[in-house]
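Have a look at the structure below, then the notes.
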Amino acid sequence: MAKYMDSGGLSHFMTKIKSWANGAFLKLSGGTMTGMLVAPKIRVGRVVYGVSRYLFGATAKETIIYTGIKFVSSSHMPVVHMSGFAYGAGRTTELHIAMYIYQNEFYSASTITNLGAWNPTAYLFTYVKDSTTYVAIGLSGNIYYNMMNVDVQDEMGNFANIDVNGWVITPYTDTGHIPAEGTDHCRKLNYGIDVLKPPVGNAIGTLPIANGGTGKTTAAEAWTALGGGAIGKKASLAASDIPAHASTATTYGAASTSNYGHAKLSSATNSSSEVLAATPKAVKAAYDLASGASTTAGKALSAATGAYAFKVTYSVSGTSVVCAAHVYSAGAEVTTSHAESCFSWSMSLDGGTSWTALGTGRTKTVSGITAFGGNVKCDFTPAS
């Protein structure tokens with residue numbers, strides 16, 4: 001049998017409701033609320049632009065960015081942006097490196113993404129400055145006249161672990177400055193896939209990072225797994241699909257200078273045929289004969305007329321270029337047979353419109369030209 005609350009019980013219930021409401025809510029006329037107010041923790045990140053910039057007017061084989069990111073475990077997840085232009089390659093630079101330090105090592109999820117056209121091999125390692133261990137980024141790959149701007153992004157709000165001052169970018173014209181993997185916590189980074197392109201024909205190959213997360217082995221399988229359509233070519237051909245064209249018969253359409261067709265290969269170097277095709281062996285034999293004749297003729301001409309061959313070599317030393325002149329006669333170098341005054345050097349910084357004399361000598365060191373770019377030439381006047 002259902003039971004109903006009498007008037008006394010209902011009055012008691014309404015009193016309890018009013019008491020609870022008055023303690024939990026403010027009245028329209030205002031009042032004071034007591035107790036604890038809990039708000040969610042909000043982490044505010046930041047992006048600092050232009051923490052470092054550089055321009056290197058020579059070819060760098062290794063580039064190291066000595067950052068102000070402290071090597072501290074489980075404290076922050078910084079992202080470093082590197083953007084610019086590699087003049088020598090005519091390519092943009094747009095690299096993003098994300099890192100996380102866990103249990104005193106670079107976590108395996110640390111990665112690099114490329115939105116530009118330069119694909120250097122990238123490494124993370126550590127270095128020590130003023131008794132503090134920091135993160136360094138190593139980029140390995142030849143690049144000429146590279147201009148780059150570096151930004152840093154911190155998503156966790158631990159600003160104390162990133163010093164935005166004192167970042168240094170150092171290019172090297174040789175290798176060996178990036179430590180071996182495992183040394184100084186050095187870890188090679190893997191590239192993520194930004195754009196998955198369909199494979200062309202049967203040249204399938206493989207893609208990094210498990211083909212865009214599909215776990216497939218080949219690009220063709222990954223393309224299908226990601227919803228790509230048919231490639232348009234058979235993945236393989238049976239022997240019966242390919243007709244046998246090799247034959248000694250003459251009934252096939254023969255190729256000529258006016259008709260498409262089949263041509264027979266020949267390694268002869270004394271034939272005047274216009275229906276035979278030369279093999280690489282025949283081409284090499286002809287080239288060797290021509291090269292030998294050219295060398296012999298050149299030596300004979302130099303010996304008979306006193307003609308000289310002349311060239312200039314150079315090497316980069318820091319921000320300077322060391323140039324050297326070389327003179328040859330009859331195949332032998334005779335540079336030292338000519339006085340220093342026979343070699344006149346000059347430099348142009350405007351593409352050859354105007355030239356500035358640098359003096360004479362068999363060698364000449366030009367300082368500062370790698371920072372601005374320019375041209376150096378040597379005029380040779382043989383000794384009488």
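One residue stands out in the range 270-298 among those that are modelled with pLDDT of 75 or more and among the hydroxyl-bearing types (Ser, Thr, Tyr): the one that is surrounded by the fewest Cβ atoms within 10 Å (Cβ to Cβ), namely 272. Taking the listed residues 91, 187, the one that is surrounded by 15 or more Cβ atoms within 10 Å (Cβ to Cβ), among the basic types (Lys, Arg) and modelled with pLDDT of 90 or more is 187, with no other qualifying.
In the condition set (1) closer than 16 Å to residue 51 by Cα; (2) surrounded by fewer than 16 Cβ atoms within 10 Å (Cβ to Cβ); (3) at pLDDT 90 or above, residue 136 is compliant with all but (2).
Checking residue 250 against (1) out of contact with any Asp or Glu (no Cβ under 6 Å at 6 or more places or on another chain); (2) modelled with pLDDT of 70 or more: exactly one of these is not met. Which one? Of everything listed in (1) out of contact with any Asp or Glu (no Cβ under 6 Å at 6 or more places or on another chain); (2) modelled with pLDDT of 70 or more, residue 250 misses just condition (2).
Each row is one residue, and each column tells you yes or no for (1) of a type in the set (Phe, Trp, Tyr); (2) closer than 24 Å to residue 173 by Cα; (3) touching a strand residue (DSSP E or B) at 6+ places or on another chain (Cβ under 6 Å).
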{"residue": "88", "(1), (2), (3)": "no, yes, yes"}
{"residue": "105", "(1), (2), (3)": "no, no, no"}
{"residue": "123", "(1), (2), (3)": "yes, yes, yes"}
{"residue": "128", "(1), (2), (3)": "no, yes, no"}
{"residue": "136", "(1), (2), (3)": "no, yes, yes"}
{"residue": "139", "(1), (2), (3)": "no, yes, yes"}
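Scanning the range 338-357 for residues that are surrounded by 12 or more Cβ atoms within 10 Å (Cβ to Cβ) and either of a type in the set (Phe, Trp, Tyr) or at pLDDT below 85 (or both) yields 343, 345, 347, 348, 349, 355. For the range 303-316, taking the residues that are without any contact (Cβ under 8 Å) to a residue 60 or more places away in the chain and surrounded by 13 or more Cβ atoms within 10 Å (Cβ to Cβ), the one that is nearest to the chain's Cα centre (by Cα) is identified as 309.
Restricting the first member to the range 332-358 and to residues that are assigned by TED's automatic domain parsing to the domain that holds residue 313, and the second to residues that are of a type in the set (S, T, N, Q) and part of a loop (DSSP other than H, G, I, E, B), the beta-carbon pairs closer than 6 Å and six or more apart or on different chains are 342/381. When the range 43-73 is limited to residues that are within 21 Å of residue 154 (Cα to Cα) and in contact with a helix residue (DSSP H, G or I) (Cβ under 6 Å, 6 or more places away or on another chain), the one that is surrounded by the most Cβ atoms within 10 Å (Cβ to Cβ) turns out to be 70.
The values are calculated or read from the model by the stated rules, or taken from the named source; none is laboratory data. Nothing here was measured: the structure is a model prediction, and the numbers come from that model. FYI the Cβ positions are ideal-geometry reconstructions off the backbone, even for glycines, and counts take in every protein chain you see.
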